[in-house]
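Heads up, the thing below is written out as structure tokens.
Any read-out appearing in this document is the output of simple, stated calculations on the displayed coordinates, not a laboratory observation. Model, not experiment: these values are computed from the prediction. Here the Cβ is made from the backbone with ideal geometry for all residues, glycine too, and neighbour counts use every protein chain on show.
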Amino acid sequence: MQRKLNKIAKDTNLFLRRFIAKQKKTNLIVAMKYGLFSGGKKIRSKILIDVGFLFKLDYKTLIVIGAAVECIHAYSLIHDDLPCMDDDSIRRGKPSAHIKFGEATAVLAGNSLLTMAFEILSHKDLKISEKIKIDLINKISESSGHLGIAGGQYLDLNYERKKISQNKIEEMEIKKTGKLFSFCCAAPLIIKKKSKNDIKKFENIGADIGLLFQVADDLIDYKGSLLVAGKKTGKDKKKGKATLISLLGYKNTIKYADNLILKINRKLKRYGSKSRNLSETLNYILNRNK
Ligand code: GRG
């Protein structure tokens, strides 16, 4: 699994480095590259490739689309660490972007990474039809704005130190973390011009993967260490974050995650052995320690 992730990370970073190298140099690009290349598991690209495999999609096309996703992901992490958001000084075992470059540069680098995702998806070198490009851009925009990552982050910050129901916590985590996974699960079907119904089914699988990912992230915060996780742990409790662990307790949260994996695997059953890669990624997501 780690070998596969390393290959995806290498191919994604190579694409991004070449894409950036073709653009005019600016000072802001230094902070953008720091956000992109300072580590990162590239787990969203892995999900995209695993789902793409179910529909026989070309690996290189998936790497390009994954690169756009990783730009938005890097953007969200830079902004998430800002003093006005979660105020974190360490990310991926290194100083957060705002510590290294200052707040204004971090905000602008984040904004530029978001728009770079759209540059990548609309680029002439991406050999898919204009209609599909528009559909992909539409879906990734929806996943990033108030109905997705930004909306989820808004709820996350507003739920601090409040008693929040399980449904509301799930809605917040699906938006904050799940929507980008939903995009990764839907993109291969959009490219293959599958029905709206089928696309929706895979978006729902993505939402469950996002929940699983967020639960694992919460478990790392609960029991992990800075040295392994590459970020401060034990913050959720200190900040009074509304998480499933804070509501259900540690043991029930593990059961909840195991059930999510069963639920997703049931939905993948019809794809037979082709879905093995995706199932392997689900286990990795739950058992990771960083
Ligand atoms: C509108 C895109 C956008 C962002 C602004 C700050 C913000 C609103 C959203 C924050 C969203 C966020 C950071 C969600 C947490 C998701 C999460 C658990 C990230 C960690 O992802 P990993 O473990 O990171 O995949 P690596 O380091 O492996 O890349």
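Local charge for I132 was computed over the other residues whose Cβ lies under 10 Å away, with Lys and Arg +1 and Asp and Glu -1, and equals +2.
Scanning the chain for long hydrophobic helices, with DSSP H runs required to stretch 20 angstrom or more by C-alpha along their axis and to average at least 1.0 on the Kyte-Doolittle scale, returns 103-122.
Structure remark: mean-square fluctuation, Gaussian network model of the chain, C-alpha springs under 10 Å; the largest value among G35, G110, G93 belongs to G93. The Cα atoms of the chain define a convex hull whose projected area, averaged across directions, is 14.1 nm².
By other beta-carbon atoms within 10 Å, ranking H123, H73 with the fewest at the front produces H123, H73.
Taking amide hydrogens as placed 1.01 Å from N in the peptide plane, the amide H of R91 sits under 5 Å from those of S96, each at least 5 positions away in sequence or on another chain. Compare G152, G230, G272 in a GNM of the chain, Cα atoms joined below 10 Å, and give the one with the largest fluctuation. Most flexible of the set in this elastic network: G272. Full extension of the chain segment joining R17 with K263 gains 84.8 nm, where the gain is 0.36 nm per residue of separation less the Cα-Cα distance. Excluding same-chain neighbours fewer than eight residues apart, the aspartates and glutamates reachable from K274 by a Cα-Cα span under 18 Å are D50, D58, D198.
If the only charges are +1 at each Lys and Arg Cβ and -1 at each Asp and Glu Cβ, what is the size of the charge dipole of the chain around the Cα centre, to the nearest 20 debye?
I would put it at about 940 debye.
Could you state, as a whole-number percent, how many of the C-alpha pairs of segment 21-166 are farther apart than 25 Å? I get 34 percent for the Cα pairs in segment 21-166 exceeding 25 Å. Here the extension length gained between S273 and L157 equals 37.7 nm, from 0.36 nm per residue of separation less the Cα-Cα distance. Projecting the Cα atoms of F183, S143, S112 onto the charge dipole of segment 2-287 (Cβ charges, centred on the Cα centre) puts F183 farthest toward the positive pole. Segment S89..L5, full-extension length gain: 27.6 nm, with 0.36 nm per residue of separation and the alpha-carbon distance subtracted. Taking only the alpha carbons of segment 198-239, we obtain Rg and Dmax values of 13.9, 42 Å in that order. Cut-off under 15 Å on the C-alpha distance; same-chain residues fewer than 8 positions from K194 excluded. Which aspartates and glutamates are left, in chain and number order? List returned: D135, E203. Other residues with beta-carbon under 10 Å from the beta-carbon of G110 carry, at +1 per Lys or Arg and -1 per Asp or Glu, a net charge of -2.
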